[in-house]
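**Student:** Below you'll find the structure I mean.
Each reported figure results from applying straightforward, stated rules to the coordinates on display, with no laboratory input. Quantities reported herein were computed from a predicted structural model and do not represent experimental measurements. Positions of Cβ are generated from backbone atoms using ideal geometry, with glycine treated the same way; all protein chains shown enter the neighbour counts.
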């Protein structure tokens, strides 16, 4: 299952067992702070990012299982996360689910669409990638403008700068416009970071 693969990826420090099955994560350079449950705040640097977690540099040793709140410079709000591993000044974090972060058991709301116009790389199976214009972005999909018109139901790969390609299914096509549904929704915290980049 995808969730199990993600958990294995975050559990294993770099270079240890399980690394052969991990997907590569994208290098970033984001400065910020991690706040522990007791209120202690430590400076950290996010050095790579995936759709469900990140790797950080920290001079303070973090214990696996500890919950932290990440605050990144230039990004509004804080992200709830759990430490999965710590080794030699680096730690792997997994972002908490929205329900876990809120401590509630309510039904998730429908995603709100972010009204913007941005660009991402789009690729069809067996074809070369090209720059496509996207709009109405949500963690589960987006509206897109095609150069090569696909068929409804076709699987495509969309890549945002700084993140791995995300698999998406074409849900509707109208001329050279269409709607994509991401087969693996973007985590809410990563989505906020992505929006900040696209709007910046």
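**Student:** Roughly what would the spin-label model give for residue 184 and residue 128, points 7 Å off Cα along C-beta, in nm?
**Tutor:** Placing both labels 7 Å beyond Cα along the Cβ direction yields 2.8 nm.
**Student:** For the residues 164, 174, what sequence is obtained by ranking on other C-beta atoms within 10 Å, fewest first?
**Tutor:** Values: 164 16, 174 8.
Least crowded to most crowded, the residues run 174, 164.
**Student:** May I ask for the equivalent-ellipsoid semi-axes of region 114-199, computed as the square root of five times each C-alpha gyration tensor eigenvalue and listed largest first in whole Å? Write down the numbers at each step before the final one.
**Tutor:** On the way: eigenvalues 75, 33, 30 Å².
Over the Cα atoms of region 114-199, the semi-axes work out to 19, 13, 12 Å.
**Student:** In nm, to one decimal, how far is the residue 73 label point from the residue 151 one, both placed 7 Å along Cα→Cβ?
**Tutor:** Calculated label separation equals 5.2 nm.
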